[in-house]
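Comments concern the structure below.
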Amino acid sequence: MAMRAAVAAAPRGFRRFFCTNTASSPFPFVPPPAAGATSARQMADPNTNLFVSGLSKRTTTERLREEFAKFGEVVHARVVTDRVSGYSKGFGFVKYATIEEAAKGIEGMDGKFLDGWVIFAEYARPRPPPGQPMQNPTPYYGGQ
DNA sequence: AGTGAGCGT
């Protein structure tokens, strides 16, 4: 179901609304998830970068910044938009000055409303740092 | 198109 996919993708906080307690499950056949599928994808290492999803299409970068700035010093904020169309993709990134501010930003904005949509704030995944030489070097021919 | 899960121009 699409709903379970949303639950699985729910970055911590909304899972309790669907799976409150396994001990009070009406079915005694509760598969133990503590075999290796504990938490790997939706949990990231705490850093100053925050991944904010569930944004409205109308939510802009400055709106995202001023909303997350209430919980800490926002160093960088960006709503990911399509390069060609320029429209928002519905998610963005917010970078705080410190990790503790990022934690307060998550606890303060995760599951909250923004422009009519419930947004999800969590730690962003580490991005492949640039430094690799140009993988597509322009062929340098002597003539034209 | 203004899609609805996700990880960046």
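Bear in mind that the values in this text are calculations on the coordinates, not laboratory data. Bear in mind the structure is a predicted one, so any value in this text is a computation, not a measurement.
Shape verdict for segment A:38-98, please, from the Cα gyration tensor: rounded (a/c under 1.5), prolate (a/b greater than b/c) or oblate. Walk me through the numbers on the way to the answer.
Working: a/c = 2.20, a/b = 1.24, b/c = 1.78.
Taking the square roots of the gyration eigenvalues as a ≥ b ≥ c, segment A:38-98 is oblate.
Check segment A:48-126 and count each lysine pair with an alpha-carbon distance under 20 angstrom, considering only pairs eight or more places apart or from different chains.
9
Want the number for A:Glu100 to A:Asp115: 0.36 nm per residue separation, take away the alpha-carbon distance, what's left? Mind dumping the intermediate values first?
Numbers: separation 15, 0.36 × 15 = 5.40 nm, distance 2.58 nm.
Gain in length upon complete extension: 2.8 nm.
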